[in-house]
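> Sending over a structure as structure tokens; questions will come in a sec.
The values are calculated or read from the model by the stated rules, or taken from the named source; none is laboratory data. As the structure is a computational prediction, the values presented were derived from the model and not from experiment. As a convention, Cβ positions derive from the backbone with ideal geometry for all residues, glycine included, and neighbour counts pool all protein chains shown. For accessibility, only protein heavy atoms count, side chains too; no ligands or nucleic acids. Shrake-Rupley method; radii C 1.70, N 1.55, O 1.52, S 1.80 Å.
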Amino acid sequence: MVAMEAMTNAGRHDVLAASKMLGMILKFCQPEIGKVPEIIKYIYRNMSSFTEATAQETIKRVIHLLAENYTDEVILTLFEIDSWRGAHKPWEILASFPKGYEVIMEHLLQRLTARRRSWAQEPRGGVEISPLIATRALRELLLEPSQRVEVHAFFSPLFVALLLQASSLLGAGATEAFWGQQHLADWTDPVSCTVEALRTLMTSAGYGDHVSYIEKLGGWELLASPERHLEGVALLARAMVTKNCWHSCPIFGLVVGILQDLDHENHLTALTFMTELLQCPDVAAMVDKVMLRILASWLQCEEPAAVKLLLRAVEVFVKHGNMGKQLRALQPYVLNCCYSADGGVVAETFQLLRYLVEHLTWQDSSSFLIQLAFTLGPFLEEESEHLRLEAFEVYGAVLAKVRRRVLVFPLKHQVLNLLVLLVLHLEDVSVHVAQISRPALCHTATILGWWKLRVIFAKKDVWTILRALLEQEASKALWFLKQSVTLFKSPQAPIRQAAVWFAGQIIQTLSTEEAREAEDAYTALRCMRGDPDPMVSSLATQTFYVLEAMGTRPVTTPTSCFCCRRPRRGYF
């Protein structure tokens, strides 16, 4: 302090001597300075008095040395100086030296990335700055037009830190612990402060056109909105892709690193940003085995919003057209999403599956398409009309990929196993499902080589088709009977009615030996006499009496019957 006072002296020799003395102190001593705020304030109060070039350089060195070693105290003091009337720009000198600028940036980044659990533990006396104060300090430094290289070096981690900080604030509110020191109470709210710092960071890094583009689309307002924050996050990422942001790849790497923690508080922000960034081919090319394991882990989580974002990421992989290896690694996890307890996830999964089937080739994805055909079976009988329609559309798309030469076991078995179901769903209460069933039947006949049946499938009604099927494929009668009995559990009365009728027709054609194998079918048919729909129960009763009269029913007395206990799965 004495040396600095001497440097304001009018005598040139005194100034030079004081500068030399202060330089020696700074060079050889590392004291625990207890009056950092006083020193900084003294310098800025007397800035105009340091007229000698040597003194000015020494003072700048003092400021930078203190900033590097007592960053928090210097920053808090500079904010206090900011409020002085007519004060010299306090941040200009701090931003003028590349090395010191880099040290300060790194320190601010550490403050921004501190875990939230430590915020409430930070001292209130001003020894350490809170994340919000670090945010404001960062913005002030970025406003100084210098050190573009250093800004680029820290751009990616600072960008991610500020984005996650905005999400944290909107998720938890602007707590007193986050606000930090009291003398900053006249600032704007923490979210606006953070978003403004993010804008300034992009502008300082040379992304002014990105900032304007986001502004035009209302992205900054969305980013600060509690209700639509994730829309703002998505828009921010899309702007980086659209405008070919150079930092997209390093930012993507940081975001994926965050997603390694499945309990991260801002995982939805990270997933949203990652999904949009994947639209960039260079970013998508970065996806390796480690990243795929992370994505697979999130596909298995129980949070619907997170799973939906991952399903969209898989769709992006398909759009790129050159990510077959990555798709094959994730396909089993996508299929598992069909069984989610959340209806929204199931609906999005089926939309993705339809998109996958349309864009995949049999040569590259035969194993997945076969597995998908088996997965779809139970969903073709879903009570939800919307989900049932989705399942039929996907199954129809799968059949369209199959050629006769590749129809071998086990796919051929599954195609035949769903044949009666397809025929009976021509009676589906949903006109759209019925419309899809007919072309699916025709394609089934084509790949099986059933040319005569194909003509019948294309034009005739359900009853004519069933008679022709039984007549021309009599060797499969027991198999068709088993399929019909399974459909006794259908939630739709018209399908149960057709199943009962077809079962009666099949049983009448069975030999004595085959009839013994059909004992369970008789039991199920007997149970159908108690069906809640009068037309079904009446048909079942009539059929049962006809079979008794013909002597085709084995004499058995079942102790119980469960065929009418139809399971219900309500997704919507």
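> Would you confirm, using the coordinates I've provided, whether Glu227 is out of contact with any helix residue (DSSP H, G or I) (no Cβ under 6 Å at 6 or more places or on another chain), assigned to a loop (DSSP other than H, G, I, E, B) and loosely packed, with under 14 Cβ neighbours inside 10 Å?
Details: out of contact with any helix residue (DSSP H, G or I) (no Cβ under 6 Å at 6 or more places or on another chain): yes; assigned to a loop (DSSP other than H, G, I, E, B): yes; loosely packed, with under 14 Cβ neighbours inside 10 Å: yes.
Yes; evaluated as a whole, the condition is true for this residue.
> Would you say Glu383 is over 26 Å from the mean Cα position of the chain (by Cα), open to solvent by 40 Å² or more (accessible area, probe 1.4 Å), of a type in the set (D, E, K, R) and on the phi < 0 side of the Ramachandran plot?
On the way: over 26 Å from the mean Cα position of the chain (by Cα): yes; open to solvent by 40 Å² or more (accessible area, probe 1.4 Å): yes; of a type in the set (D, E, K, R): yes; on the phi < 0 side of the Ramachandran plot: yes.
It is true that Glu383 is over 26 Å from the mean Cα position of the chain (by Cα), open to solvent by 40 Å² or more (accessible area, probe 1.4 Å), of a type in the set (D, E, K, R) and on the phi < 0 side of the Ramachandran plot.
To keep it simple, each residue is scored yes or no on (1) exposed (fewer than 14 other Cβ atoms within 10 Å of the Cβ); (2) at pLDDT below 85; (3) under 30 Å from Gly343 (Cα atoms); (4) more than 46 Å from the chain's Cα centre (by Cα).
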residue	(1), (2), (3), (4)
Thr486	no, no, yes, no
Thr512	yes, yes, no, yes
Arg516	yes, yes, no, yes
Gly530	yes, no, no, yes
Pro534	yes, no, no, yes
Thr541	no, no, no, yes
Arg553	no, yes, no, yes
Thr559	yes, yes, no, yes
Tyr571	no, yes, yes, no
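> Run down Ser156, Ser146 and say which single residue is buried (at least 17 other Cβ atoms within 10 Å of the Cβ), of a type in the set (S, T, N, Q) and either touching a helix residue (DSSP H, G or I) at 6+ places or on another chain (Cβ under 9 Å) or at pLDDT 85 or above (or both).
Within the list Ser156, Ser146, the selection yields Ser156.
> A further question on this structure: Which residues, counting only those in segment 187-211, are surrounded by 13 or more Cβ atoms within 10 Å (Cβ to Cβ) and of a type in the set (S, T, N, Q)?
Ser192, Thr194, Thr200, Thr203, Ser204
> Scanning for something farther than 30 Å from Gly171 by Cα, open to solvent by 10 Å² or more (accessible area, probe 1.4 Å), under 19 Å from the mean Cα position of the chain (by Cα) and touching a residue at least 12 places away in the same chain (Cβ under 8 Å), does segment 355-378 turn up at least one residue?
Checked against the condition, which is being farther than 30 Å from Gly171 by Cα, open to solvent by 10 Å² or more (accessible area, probe 1.4 Å), under 19 Å from the mean Cα position of the chain (by Cα) and touching a residue at least 12 places away in the same chain (Cβ under 8 Å), segment 355-378 yields at least one hit.
> To continue, here is another question. Go through (1) over 21 Å from Thr509 (Cβ atoms); (2) among the aromatic types (Phe, Trp, Tyr); (3) in contact with a Ser or Thr (Cβ under 9 Å, 6 or more places away or on another chain) for Tyr395 and report which single condition fails.
(3)
> Okay, next question. Report whether or not Leu421 is farther than 18 Å from Phe379 by Cβ and touching a residue at least 40 places away in the same chain (Cβ under 8 Å).
No, not satisfied.
> Would you say Val127 is closer than 28 Å to Pro190 by Cα, of a type in the set (Val, Ile, Thr), at pLDDT 80 or above and surrounded by fewer than 20 Cβ atoms within 10 Å (Cβ to Cβ)?
Spelling it out, it is not the case that Val127 is closer than 28 Å to Pro190 by Cα, of a type in the set (Val, Ile, Thr), at pLDDT 80 or above and surrounded by fewer than 20 Cβ atoms within 10 Å (Cβ to Cβ).
> Please list, ordered by first then second residue, the pairs with beta carbon atoms under 9 Å, 6 or more apart or interchain, first in segment 247-271 and touching a residue at least 40 places away in the same chain (Cβ under 8 Å), second among the hydroxyl-bearing types (Ser, Thr, Tyr) and assigned to a loop (DSSP other than H, G, I, E, B).
His247/Tyr207
> Output the residues belonging to segment 304-318 that are open to solvent by 20 Å² or more (accessible area, probe 1.4 Å) and either touching an Asp or Glu at 6+ places or on another chain (Cβ under 7 Å) or free of Cβ contacts under 8 Å to residues at least 12 places away in the same chain (or both).
Once the filter is applied, which keeps residues that are open to solvent by 20 Å² or more (accessible area, probe 1.4 Å) and either touching an Asp or Glu at 6+ places or on another chain (Cβ under 7 Å) or free of Cβ contacts under 8 Å to residues at least 12 places away in the same chain (or both), segment 304-318 yields Pro304, Lys308.
> How about segment 244-264: which of its residues are buried (at least 16 other Cβ atoms within 10 Å of the Cβ) and farther than 16 Å from Phe155 by Cα?
Matches in segment 244-264: Val256, Ile258, Leu259.
> Of Ile447, Ile436, which residue is in contact with a Lys or Arg (Cβ under 8 Å, 6 or more places away or on another chain), in a helix (DSSP H, G or I), farther than 26 Å from Leu327 by Cα and of a type outside the set (S, T, N, Q)?
Details: Ile436 fails: in contact with a Lys or Arg (Cβ under 8 Å, 6 or more places away or on another chain).
After ruling out the rest, the residue left standing is Ile447.
For every residue, the table says whether it meets (1) of a type in the set (S, T, N, Q); (2) surrounded by fewer than 21 Cβ atoms within 10 Å (Cβ to Cβ); (3) at pLDDT below 95; (4) over 27 Å from Ala341 (Cβ atoms).
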| position | (1), (2), (3), (4) |
| --- | --- |
| Ala397 | no, yes, yes, no |
| Lys401 | no, yes, yes, yes |
| Leu407 | no, yes, yes, yes |
| Gln414 | yes, yes, yes, no |
| Val423 | no, no, no, yes |
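> May I pose another question? Any idea which residue in segment 88-119 is nearest to His264 (Cα to Cα), counting only those that are open to solvent by 70 Å² or more (accessible area, probe 1.4 Å) and modelled with pLDDT under 75?
Only one residue tops the list, namely Arg115.
> Also, quick follow-up: Is there any pair linking a residue in segment 209-224 that is more than 22 Å from Asp189 (Cβ to Cβ) and part of a helix (DSSP H, G or I) to one that is open to solvent by 30 Å² or more (accessible area, probe 1.4 Å) and of a type in the set (Val, Ile, Thr), with Cβ under 8 Å and at least six apart or on different chains, and which?
Within 8 Å, the pairs are Tyr213/Thr242.
> Shifting gears a bit: At least 1 residues that are within 22 Å of Gly218 (Cβ to Cβ) and either of a type outside the set (Phe, Trp, Tyr) or touching a helix residue (DSSP H, G or I) at 6+ places or on another chain (Cβ under 7 Å) (or both) in each: list the helices (runs of 4 or more DSSP H) lying fully within segment 231-348 that qualify.
248-258, 267-277, 304-320
> Between Gly504, Gly449, which is open to solvent by less than 40 Å² (accessible area, probe 1.4 Å) and farther than 19 Å from Thr541 by Cβ?
Gly449
> In segment 324-336, is there at least one residue being in contact (Cβ under 8 Å) with a residue 12 or more places away in the chain and within 30 Å of Ala205 (Cβ to Cβ)?
Checking segment 324-336: not a single residue is in contact (Cβ under 8 Å) with a residue 12 or more places away in the chain and within 30 Å of Ala205 (Cβ to Cβ).
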